[in-house]
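These notes are about the structure you will find just below.
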Amino acid sequence: MTDEIRALIGREATYTAPEPLGRAAIRYFALAVGDDNPVYTDDAAARAAGHDGVVAPPTLICETNQYAGLPRDADGYAGHTWGIDLPGTRQVRGGNAYEFHRAVRPDDVVTAVWRLVDIAERATGAGQPMLVFTSRATYTNQDGDLLATNEETIIYLAVTP
């Protein structure tokens, strides 16, 4: 790991939605992921479940492509990435660990703050070198209420010729 790569630790990116999440986005996301829980579309069902009204499926706000306003990359993705190019490697998603603090409502304006918290040198079981990037995203609403956190790992594996 170079000093230049190590210096990336602490880098942040902030994205604030230009408008409230909205009922249509909630309904569409629930449909897209195949979740027909009525709390996402029916106020009475949401109230019966202890909410003030319709709420969003938990991972909806973790998809920054819907509100970050970023251009599409070469693969068509328009969400958060660090834009890190490490020649001689291939990028692999390591995983996500979500923690949800409060149900998200249609009137919430979401802000996501991504922070690169660690980069570690490791090796695969076969001894292949890799760098493991760990990021943490914190999602809040317009009132500063903590909605969710997401710890994500991206792995850069050395490509052998």
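Summary table below
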{"quantity": "Peptides ranked, highest mean first, by Cβ atoms within 10 Å: ranges 23-29, 58-64", "calculated": "58-64, 23-29"}
{"quantity": "Inter-label distance for Arg47 and Arg115, nm, one decimal - labels placed 7 Å from Cα along Cα-to-Cβ", "calculated": "4.0"}
{"quantity": "Accessible area (Å², per residue) of the chain, counting only protein heavy atoms and a probe of 1.4 Å", "calculated": "57"}
{"quantity": "Rounded percent of accessible protein surface that carbon and sulfur make up, the chain, 1.4 Å probe", "calculated": "50"}
{"quantity": "Base-10 log of normalised Debye intensity for the stretch 1-76 (one unit scatterer per alpha-carbon) at q = 0.13, 0.14, 0.17, 0.19 Å⁻¹", "calculated": "-0.56, -0.62, -0.77, -0.87"}
{"quantity": "Calculated [θ] (222 nm, deg cm²/dmol) that DSSP helices of n ≥ 4 give over the chain, each run adding -39,500 (n - 2.57)", "calculated": "-3500 deg cm²/dmol"}
{"quantity": "Overall form of the stretch 43-161 per C-alpha gyration tensor (a/c, 1.5; a/b vs b/c)", "calculated": "prolate"}
{"quantity": "Simple Cβ-charge dipole of the chain, Lys/Arg +1 and Asp/Glu -1, about Cα centre, in debye nearest 20", "calculated": "280"}
{"quantity": "Karplus-derived HN-Hα couplings along the stretch 7-17 (A = 6.51, B = -1.76, C = 1.60, θ = phi - 60°), whole Hz, x at Gly and Pro", "calculated": "5, 6, 4, x, 4, 10, 9, 10, 10, 10, 4"}
{"quantity": "Extension reserve of the Ala32-Gln66 stretch, reckoned as 0.36 nm per residue once the Cα distance is removed", "calculated": "10.9 nm"}
{"quantity": "Cα centroid separation - the stretch 85-105 against the stretch 1-73, whole Å", "calculated": "14"}
{"quantity": "Cα-based shape type of the stretch 55-101, given that a ≥ b ≥ c are square roots of the gyration tensor eigenvalues and the cut on a/c is 1.5", "calculated": "oblate"}
{"quantity": "Mean separation of Cα contacts under 8 Å, 6 or more apart, over the residue count of the chain: relative contact order %", "calculated": "26"}
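The values are calculated or read from the model by the stated rules, or taken from the named source; none is laboratory data. Values in this document were obtained by computation on a predicted structure and should not be read as measured data. No Cβ is skipped: glycine too gets one built from the backbone with ideal geometry, and neighbour counts run over all protein chains shown. Calculation scope for accessible area: heavy atoms of the full protein, side chains included, ligands and nucleic acids excluded. Shrake-Rupley method; radii C 1.70, N 1.55, O 1.52, S 1.80 Å.
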